[in-house]
Amino acid sequence: MAAPTFHDFSAATIDGERRSMSEYRGRLALVVNIATQCAFTPQLASLQELHDRYAAHGFTVLGFPSDQFRQDPGTDEDTKEFCTSAYELTFPLFSKIDVNGPTAHPLWQWMCAQKAGVIGGRIAWNFTKFLIDGEGMVLRRYAPPVPPVRIARRIESELGLR
């Protein structure tokens, strides 16, 4: 049996619909655990810029809100309202999840197992980013402080734009 890939997982969208990650097969994806009340929340604007700039070339940002660090209180509706009104996000948002521990979403457990961070497999904080290739493999993990603009060169390279 083949080892699992990103495309073998699914998650609920922020609107409550089940979405298979296989919908992103053939696309480069940047998967990010987001929060609305974090010091890194302004990265949402840069993530949207990346999404806008490279979407036509086969790239997407996928946002997974998490309140595991107590910085995204409220409901999925509250998070969606904030993200769309304050940052005009158009990239896909998913329902709130846990990213660490026994209740962590299976997709996040898998990504952490593929690329451990500085504290092992655990997610250290909000805005940890995973770059996933079109075949569903984790290419790189980026720490929360890494600004999305610093990932642009790698995105361009993976998309064959440089």
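The values are calculated or read from the model by the stated rules, or taken from the named source; none is laboratory data. It should be emphasised that the depicted structure is a prediction, and the values quoted were computed from it without experimental measurement. Every residue, glycine among them, receives a Cβ derived from its backbone with ideal geometry; neighbour counts consider all protein chains shown.
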*Residues D133, D52: which one is more than 26 Å from P4 (Cβ to Cβ), among the charged types (D, E, K, R) and modelled with pLDDT of 95 or more?*
D52
_the stretch 88-127, residues that are of a type in the set (F, W, Y) and out of contact with any helix residue (DSSP H, G or I) (no Cβ under 7 Å at 6 or more places or on another chain)_ = F94, W108, W110, W125
_Which count do you get for residues in the stretch 8-36 that are in contact with a Gly (Cβ under 9 Å, 6 or more places away or on another chain), surrounded by fewer than 19 Cβ atoms within 10 Å (Cβ to Cβ) and not hydroxyl-bearing (S, T, Y)?_
4
*For residues that are within 21 Å of C38 (Cβ to Cβ), of a type in the set (A, V, I, L, M, F, W, C) and out of contact with any strand residue (DSSP E or B) (no Cβ under 6 Å at 6 or more places or on another chain), scanning just the stretch 128-150, find the one that is surrounded by the most Cβ atoms within 10 Å (Cβ to Cβ).*
V146
*Considering only the stretch 138-155, how many residues are out of contact with any helix residue (DSSP H, G or I) (no Cβ under 6 Å at 6 or more places or on another chain), touching a residue at least 24 places away in the same chain (Cβ under 8 Å) and part of a helix (DSSP H, G or I)?*
2
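Quick grid of which residues meet (1) free of Cβ contacts under 8 Å to residues at least 40 places away in the same chain; (2) among the hydrophobic types (A, V, I, L, M, F, W, C); (3) assigned to a strand (DSSP E or B):
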residue	(1), (2), (3)
G26	no, no, no
L30	no, yes, yes
S46	no, no, no
G63	yes, no, yes
D67	yes, no, no
R70	yes, no, no
L107	no, yes, no
*Only residues that are without any contact (Cβ under 8 Å) to a residue 60 or more places away in the chain, crowded, with 17+ Cβ neighbours inside 10 Å and not acidic (D, E): list them for the stretch 72-95, please.*
F82, C83, Y87, L89, F91
